[in-house]
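Remarks on the structure that follows.
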Amino acid sequence: MYQPWKTAKPYFLAAPQTLVFLMFLVFPIAMIFIVSFWQFNIYSMTPAFTLDNYIGVFTSGATLPTYLNTLKYMVLVWSLCLAIAFPVAYFLSFCIQRESLRVLLFLVCTIPFWTSNIIRMISWIPLLGREGLVNQLLLNLGVVSQPVEWLLYSDFAIVLGMVHLYNFFMIAPVFNSMMRIDRTLITAARDMGASGWDILKEIILPLTAPGIAIGSIFVVTLTMGEFVTVRLMGGGQSASVGKLISTQIGSVQYPLAAANAVVLLLATFALVIGILRVVDIRAEL
């Protein structure tokens, strides 16, 4: 007997999630894409179709250096996050035997998330500033004769702040992948005479690759659009695409900001597709 309810039931169950997806992701992106083709002047913007905004993005002398600077931050932050996350995840997964202690140490990694991003950024100022604790320590130890200027309001400070913010997004998926590794594989490899380096290279790294890919996607997408850290830790002396978009919005240049947002979205999407082409993450999901 045909029962329409049973046929339509899956669609009703998926409808709320689909509506949320359309309302809070698809619709905003579509509006940004539409506005990027509008005309604007100093006083107002007009709903119309023009490519002037994209022409301005690609012909501006400041655009390419800004995008390259953003890419530089992304590469540095990703590299440092991976360099920190892999040893931490390895230690928690293979060196800590007690489950309760492992969970406790993993929760310690989440402590920075107990407060807001802005407060975490501001907390670096009394530490790295010209009169901060680090400079005072270096001066008292005689390591330097005058305060180190590049500790704050520099590219170093921006990268440090981003690593502080987003390192856990790399630790969590890498740790999850390592916890899924069958320990009998490692035992068998040791019984066959494999060294620690061979086990790391042939077993742990390949099986952890999906977690590294997921963490990389998180870090890449977050750092490519970052602007608060660049503004606070760079002291207004460094540029990123996110900060450029924020400045354009502040000066009511919405179509131009939307065009930059679309270009940034496509660039980030290309990076994510590149990661997915290298590593298959379906097994991890």
Exercise. Given the options Gln17, Gln248, Gln39, state which has the largest fluctuation in a GNM of the chain using a 10 Å cut-off (strictly under) for Cα springs.
Key: Gln17
Quiz item: Quick one: Cys95, Cys81, Cys109, fewest Cβ neighbours within 10 Å first, how do they rank?
Solution: Cys95, Cys109, Cys81
Exercise. List Thr221, Thr7 from most exposed to least, where exposure is judged by having the fewest other Cβ atoms within 10 Å.
Key: Thr7, Thr221
Quiz item: Which order do Thr229, Thr70 fall in if you start with the one that has the fewest other Cβ atoms within 10 Å?
Solution: Thr70, Thr229
Quiz item: Rounded to the nearest 20 Debye, what is the dipole magnitude of segment 28-154 about its Cα centre when Lys and Arg each give +1 and Asp and Glu each give -1 at the C-beta?
Solution: 300
Quiz prompt | Cα gyration tensor, segment 75-182 - rounded (a/c under 1.5), prolate or oblate | solution = prolate
Practice problem: Can you find, among Leu101, Leu160, Thr208, the residue farthest towards the positive end of the dipole of the chain? Put +1 on the C-beta of Lys and Arg, -1 on that of Asp and Glu. | Solution: Leu101
Quiz prompt | Within the chain: Cβ-based charge dipole about Cα centre, in debye rounded to nearest 20 (Lys, Arg +1; Asp, Glu -1) | solution = 500
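Based on the mean of other beta carbon atoms within 10 Å per residue, what is the order of 252-258, 197-203, 8-14, most packed first?
Details: 252-258: 21.3, 197-203: 13.6, 8-14: 10.0.
Descending packing order for the listed peptides: 252-258, 197-203, 8-14.
Please give me, ordered by residue number, the chymotrypsin sites (Phe, Trp or Tyr not before Pro) of segment 74-162 that lie in loop per DSSP and have at most 10 other Cβ atoms within 10 Å. Provide the component values of the computation, followed by the final result.
Details: sites: Trp78, Tyr90, Phe91, Phe94, Phe106, Phe113, Trp114, Trp124, Trp150, Tyr153, Phe156; in loops: Trp124, Trp150, Tyr153.
Sparse-neighbourhood loop chymotrypsin sites (Phe, Trp or Tyr not before Pro): Trp150.
Given axes a ≥ b ≥ c from the Cα gyration tensor, I'd like to know whether the chain is rounded (a/c under 1.5), prolate (a/b larger than b/c) or oblate.
It comes out oblate by the Cα gyration axes.
Values in this text are rule-based calculations from the coordinates and carry no lab data. Bear in mind the structure is a predicted one, so any value in this text is a computation, not a measurement. Every residue, glycine among them, receives a Cβ derived from its backbone with ideal geometry; neighbour counts consider all protein chains shown.
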